[in-house]
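A.B. asks: First, the structure itself, so that you have it in front of you.
The values are calculated or read from the model by the stated rules, or taken from the named source; none is laboratory data. Since this is a predicted model, take the numbers as computed values, not measurements. Every residue, glycine as well, gets a Cβ built from its backbone with ideal geometry; the counts of neighbours run over all protein chains shown.
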C-alpha cells in the first residue's frame, strides 16, 4: 500500500517543508526526465529550481534512481523513474487554477509489498523510516482539512481563515472546496466546471 498525503502549500509552507527535507539526502528529478537533465541535491533555498508541478525526490544515499526509457507517445525520448524499484518520494506541488484557488498537491511513496505494483520486497528500512518521519512531520505541523483527507500548511490555513484564499481538491474532476477543520464551510456553486 502506498503512503499518500494530499496537501495544500503556499511558498512559505514549501520553504518549511524544504527545511525538513534538506536534513536528509534527496536528489531532484522531474516526473519525465529529459536526457540532458542535471540532477541537484535538494537544499533549503532551492524552491525556485524545482520543477513546476510534479517531481521525484530520490534518496540517493540509500540507492540509485532506476530509470526506463519512454519508447512511445508524446514523451518519447524521455526517461521515467521506476517508483517501485527506486527509493523515491513523489511530490506534486500545489498550484493555482484559473479562479486563483489553490489546488491540492500530494506526497506519495510506495513502501510495502503489494501484488498490484509487483513489489516483491519492502522498501529499505532506512527509506521507510525517512518517509514516515516526513509524513509525521506534515501531520503534526499542518492543519487537518475539512472534508477529511487533506492537510493544509500553516500559511495556507492563515490565508483561508483571513478570507484571501480558497482551496480546492485536485484529485477529482469537480474538486470540493476545502477549509481547515473547525471552520464553517463555504457554499460551493453546483454545476461548476473544474478547470486546471
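A.B. asks: How many of the residues in region 138-160 are over 16 Å from residue 106 (Cβ atoms) and surrounded by 15 or more Cβ atoms within 10 Å (Cβ to Cβ)?
C.D. replies: Total meeting the criteria: 8.
A.B. asks: Also, quick follow-up: Go through (1) at pLDDT 70 or above; (2) closer than 16 Å to residue 99 by Cα; (3) out of contact with any helix residue (DSSP H, G or I) (no Cβ under 6 Å at 6 or more places or on another chain); (4) assigned to a loop (DSSP other than H, G, I, E, B) and name the single condition residue 189 misses.
C.D. replies: (1)
A.B. asks: OK, next. May I ask you to list pairs of residues, at least six apart or on different chains, whose Cβ atoms are under 8 Å apart, with the first in region 13-35 being at negative phi and without any contact (Cβ under 8 Å) to a residue 24 or more places away in the chain and the second being surrounded by fewer than 15 Cβ atoms within 10 Å (Cβ to Cβ) and not in a strand (DSSP E or B)?
C.D. replies: Listed by first residue and then by second, the contacts come to 22/43; 22/44.
A.B. asks: Which count do you get for residues in region 55-94 that are touching a residue at least 12 places away in the same chain (Cβ under 8 Å) and either assigned to a loop (DSSP other than H, G, I, E, B) or surrounded by fewer than 15 Cβ atoms within 10 Å (Cβ to Cβ) (or both)?
C.D. replies: Residues in region 55-94 being touching a residue at least 12 places away in the same chain (Cβ under 8 Å) and either assigned to a loop (DSSP other than H, G, I, E, B) or surrounded by fewer than 15 Cβ atoms within 10 Å (Cβ to Cβ) (or both): 21 in total.
A.B. asks: Select from region 40-54 the residues that are surrounded by fewer than 18 Cβ atoms within 10 Å (Cβ to Cβ) and over 18 Å from residue 79 (Cα atoms) and write down the one among them that is nearest to the chain's Cα centre (by Cα).
C.D. replies: The residue in question is 47.
A.B. asks: Please state which one of 110, 101 is at pLDDT below 90 and touching a strand residue (DSSP E or B) at 6+ places or on another chain (Cβ under 6 Å).
C.D. replies: 110
A.B. asks: Among the residues of region 154-179, which ones are in contact with a helix residue (DSSP H, G or I) (Cβ under 8 Å, 6 or more places away or on another chain), modelled with pLDDT of 90 or more and part of a strand (DSSP E or B)?
C.D. replies: Within region 154-179, 167 is the sole residue that qualifies.
A.B. asks: Follow-up. Counting only residues that are farther than 19 Å from residue 25 by Cβ, in contact (Cβ under 8 Å) with a residue 12 or more places away in the chain and out of contact with any strand residue (DSSP E or B) (no Cβ under 7 Å at 6 or more places or on another chain), how many does region 123-146 have?
C.D. replies: The number of residues fulfilling the criteria is 1.
A.B. asks: Take the residues in region 26-39 that are under 21 Å from residue 93 (Cα atoms) and more than 18 Å from the chain's Cα centre (by Cα), then tell me which one is surrounded by the fewest Cβ atoms within 10 Å (Cβ to Cβ).
C.D. replies: 38
A.B. asks: Within region 45-54, restricting attention to residues that are out of contact with any helix residue (DSSP H, G or I) (no Cβ under 7 Å at 6 or more places or on another chain) and part of a helix (DSSP H, G or I), which residue is nearest to residue 15 (Cα to Cα)?
C.D. replies: Checking each candidate, the answer is 48.
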